[in-house]
Each structure stands twice: as C-alpha cells, then as structure tokens.
Amino acid sequence: MATDQIAQKGDVLCAVYMLCDTSESMDGEPIRELNSLLSELVDKIQLEGKRGQDLRLGVISFNSAPKVELELQKLTAESTIPELTAAGTTRLELAIDKLAEVVESDYGKIKTAGAKAARPVVFVITDGVPTDADGYPLQDHSVWEDALERLWNVGQVAVPRIYAFGFGNADESVLRKLTSDRGVAVDAVKMATGADTANEIARIFPYLFRTIIAGADAVSNADGDVPDLGPALLSVFSPPSDSVDLSAW
C-alpha cells in the first residue's frame with residue numbers, strides 16, 4: 001500500500017489491528033458472524049467523524065498460515081474486508097511473526113510520510129489454543145513466546161498494546177501472556193463463558209468498538225502530540241463485561 005494511503009505529513013494516528021483466528025473450529029455460524037461484524041465495524045468507524053479520520057485499521061487472519069486481509073488504512077466508502085473463511089490449525093506463532101512484520105513496515109511508512117502515531121493497538125479474537133502444524137495443542141510454549149519476544153523488539157514506538165477476547169477453547173493463561181507488556185500484566189483479556197461461539201463473538205464487538213473509539217478520542221484531543229493511549233483504552237476495556245451495556249453499539 002502506498003505511504004499516502006496510510007498517512008500524510010502532520011497526521012497523528014491511532015493504528016488498530018485485528019488479529020482474527022480463522023481456524024477450522026470457527027467454521028459455520030462463528031465465521032459468518034465474524035465477517036458480518038467486521039463489515040459493520042468498518043461502517044461504524046466511517047460514521048465517527050474526526051475520530052474515524054484519525055483511525056487506521058488493518059486486519060490479519062490466521063489459521064495454518066497468517067494472511068493480511070486488510071492493509072492498514074484510513075477507512076473510506078471503498079474500504080472492504082474480504083470474506084474470511086475458516087480452515088486449518090491455530091498457528092499463533094506465525095500470526096505473531098506476521099503482525100511484527102506488518103507493524104514494522106507500516107510504522108516505517110508513517111515515519112516516511114512525516115506523520116506520527118501512538119503505539120499500535122491490537123485486538124486478538126480467538127476460540128482455541130495454539131497448535132502445531134498437525135493441529136495438536138502446543139506442548140512447548142516457547143514456540144509462540146519466542147515470536148512474542150520478536151514482536152516486542154520491533155522498536156519502542158511500534159510495540160503494540162494487545163487486548164484479547166477469548167471464547168470456546170481459548171486458554172486464558174496464553175492470552176494473559178500474549179497481552180502482557182514485556183511481562184507487565186494488565187487487565188487486557190476478556191474471556192467469554194457462553195457455549196454459543198457466534199453469540200459470544202456478537203457480544204464482544206460493541207465492547208471492542210467502544211475501546212477503539214476511546215483510543216481515537218485520545219488522539220483527537222491530543223492537539224498534535226502523540227498521546228499515551230493506555231489509560232484511555234483500559235478505562236473502557238478493564239471494567240467487568242457485565243458492567244457495560246453490550247446490547248447495542
């Protein structure tokens with residue numbers, strides 16, 4: 001993607017990446033619900049005026065291999081996310097490596113454009129545990145932990161804040177390690193308890209949207225400076241799920 005499609009000189013941005021599990025266990029209603037809600041998310045961000053203009057959104061799917069579904073970009077009426085399909089295993093380490101590659105490249109383009117960006121924000125959506133190439137749960141967690149270490153070394157400005165939504169068979173301990181900031185734990189994991197995966201996906205998106213908008217607000221109100229998004233994001237993400245009205249966006 002051309003640099004000017006990400007940023008222009010003087011821009012101050014909030015870059016958001018969606019890292020979506022599309023393994024075989026997501027097949028059927030869960031992947032249909034995810035596709036519908038991603039499309040709705042794009043539409044709603046475009047309705048947010050200046051806050052929407054300060055956001056940049058990228059989408060990466062992962063199963064047996066990661067794939068950039070939507071390059072980081074300012075959303076327009078032409079912005080669409082290809083329909084995701086569910087198949088394969090849950091190769092978390094490959095997803096993290098791809099994320100590191102993409103973030104490093106995007107932040108290089110932002111710098112080249114003469115723009116500035118807060119640390120990127122990543123939302124992980126997953127219903128399973130990390131697996132090997134044959135689909136068996138990983139016994140050696142250093143495989144994906146090593147990838148996480150590489151992500152932490154992409155450069156101080158580009159090291160992402162990671163927030164995770166887990167449901168189904170997702171392992172909370174894995175997600176808490178994934179979302180810690182160089183080992184400093186924060187309340188950045190939401191674990192769904194319902195058995196209906198599609199319904200749990202539907203419930204998290206209003207939460208996710210409000211968290212994204214909190215980051216955009218912080219950027220919009222920063223008067224040209226690069227804000228620390230952490231307090232704004234956690235003020236929305238940290239409260240218990242049942243304390244937030246998730247019935248509507």
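The values are calculated or read from the model by the stated rules, or taken from the named source; none is laboratory data. The model shown is predicted, which means the values in this text are computed figures rather than measured ones. Cβ placement follows ideal geometry from the backbone for every residue including glycine, while neighbour counts extend to all protein chains displayed.
Only one of these is at negative phi and at pLDDT below 95: 85, 89, 80. Name it.
After applying the criteria, what remains is 80.
Any idea which of 202, 222, 216 is part of a helix (DSSP H, G or I), out of contact with any Cys (no Cβ under 6 Å at 6 or more places or on another chain) and either aliphatic (A, V, I, L, M) or within 20 Å of residue 167 (Cα to Cα) (or both)? Break it down stepwise before answering.
Working: 222 fails: part of a helix (DSSP H, G or I); 216 fails: out of contact with any Cys (no Cβ under 6 Å at 6 or more places or on another chain).
None of the other options fit; the residue is 202.
Scan region 145-181 residue by residue and report those that are farther than 20 Å from residue 116 by Cα, of a type in the set (Val, Ile, Thr) and touching a strand residue (DSSP E or B) at 6+ places or on another chain (Cβ under 8 Å).
Passing the criteria: only 179.
Please determine whether any residue of region 181-194 is within 22 Å of residue 41 (Cβ to Cβ), polar (S, T, N, Q) and either within 17 Å of the chain's Cα centre (by Cα) or modelled with pLDDT under 90 (or both). Before you say what the answer is, go through the steps one by one.
Residues of region 181-194 that are within 22 Å of residue 41 (Cβ to Cβ), as a first pass: 188-192, 194.
Still in the list and also polar (S, T, N, Q): none.
No, every residue in region 181-194 fails to be within 22 Å of residue 41 (Cβ to Cβ), polar (S, T, N, Q) and either within 17 Å of the chain's Cα centre (by Cα) or modelled with pLDDT under 90 (or both).
Among the listed residues 132, 187, 217, 127, identify the single one that is among the acidic types (Asp, Glu), exposed (fewer than 14 other Cβ atoms within 10 Å of the Cβ) and touching a residue at least 40 places away in the same chain (Cβ under 8 Å). Can you show your working first?
On the way: 132 fails: exposed (fewer than 14 other Cβ atoms within 10 Å of the Cβ); 217 fails: exposed (fewer than 14 other Cβ atoms within 10 Å of the Cβ); 127 fails: exposed (fewer than 14 other Cβ atoms within 10 Å of the Cβ).
Being among the acidic types (Asp, Glu), exposed (fewer than 14 other Cβ atoms within 10 Å of the Cβ) and touching a residue at least 40 places away in the same chain (Cβ under 8 Å) holds for just one of 132, 187, 217, 127, which is 187.
Starting from residues that are free of Cβ contacts under 8 Å to residues at least 40 places away in the same chain and buried (at least 16 other Cβ atoms within 10 Å of the Cβ), keep the ones in region 48-66 and report whichever is farthest from the chain's Cα centre (by Cα). Explain how you work it out, then say what you get.
First, pick out the residues of region 48-66 that are free of Cβ contacts under 8 Å to residues at least 40 places away in the same chain: 49, 53, 65-66.
Right, trim to buried (at least 16 other Cβ atoms within 10 Å of the Cβ) and you get 53, 66.
Values: 53: 18, 66: 14 Å.
That would be 53.
Out of 175, 148, 234, report the one residue that is modelled with pLDDT of 85 or more, part of a helix (DSSP H, G or I), out of contact with any helix residue (DSSP H, G or I) (no Cβ under 6 Å at 6 or more places or on another chain) and under 24 Å from residue 14 (Cβ atoms). Break it down stepwise before answering.
Values: 148 fails: out of contact with any helix residue (DSSP H, G or I) (no Cβ under 6 Å at 6 or more places or on another chain); 234 fails: modelled with pLDDT of 85 or more.
It is 175.
What single numbered condition from (1) within 18 Å of residue 38 (Cβ to Cβ); (2) surrounded by fewer than 14 Cβ atoms within 10 Å (Cβ to Cβ); (3) not hydrophobic (A, V, I, L, M, F, W, C) fails to hold for residue 193?
Evaluating residue 193 over (1) within 18 Å of residue 38 (Cβ to Cβ); (2) surrounded by fewer than 14 Cβ atoms within 10 Å (Cβ to Cβ); (3) not hydrophobic (A, V, I, L, M, F, W, C) leaves (1) as the failure.
Of these, 143, 154, 122, which one is modelled with pLDDT under 90 and either closer than 26 Å to residue 64 by Cα or not in a helix (DSSP H, G or I) (or both)? Can you show your working first?
Details: 143 fails: modelled with pLDDT under 90; 122 fails: modelled with pLDDT under 90.
Testing whether each residue is modelled with pLDDT under 90 and either closer than 26 Å to residue 64 by Cα or not in a helix (DSSP H, G or I) (or both) leaves just 154.
If you take the residues in region 155-181 that are among the charged types (D, E, K, R) and free of Cβ contacts under 8 Å to residues at least 60 places away in the same chain, which one is surrounded by the fewest Cβ atoms within 10 Å (Cβ to Cβ)? Steps first, please.
So in region 155-181, the residues among the charged types (D, E, K, R) come out as 161, 171-172, 176-177, 181.
Imposing the further condition that a residue be free of Cβ contacts under 8 Å to residues at least 60 places away in the same chain reduces the set to 171-172, 176-177, 181.
Numbers: 171: 18, 172: 12, 176: 17, 177: 16, 181: 15.
Out of the qualifying residues, it is 172.
Would you mind finding the one in 45, 110, 6 that is crowded, with 16+ Cβ neighbours inside 10 Å, under 20 Å from residue 214 (Cα atoms) and touching a residue at least 60 places away in the same chain (Cβ under 8 Å)? Walk me through it before giving the result.
Working: 110 fails: under 20 Å from residue 214 (Cα atoms); 6 fails: under 20 Å from residue 214 (Cα atoms).
Criteria check complete, one pass: 45.
If only one of 81, 96 is touching a helix residue (DSSP H, G or I) at 6+ places or on another chain (Cβ under 6 Å), hydrophobic (A, V, I, L, M, F, W, C), touching a residue at least 12 places away in the same chain (Cβ under 8 Å) and assigned to a loop (DSSP other than H, G, I, E, B), which one is it? Break it down into steps so the answer makes sense when it comes.
On the way: 96 fails: assigned to a loop (DSSP other than H, G, I, E, B).
Just one listed residue meets the conditions, 81.
Restricting the search to region 139-151, which residues are of a type outside the set (Phe, Trp, Tyr) and touching a residue at least 12 places away in the same chain (Cβ under 8 Å)?
Keep residues of region 139-151 that are of a type outside the set (Phe, Trp, Tyr), which gives 139-143, 145-151.
Within region 139-151, 141, 143, 145, 146, 147, 148, 150, 151 qualify.
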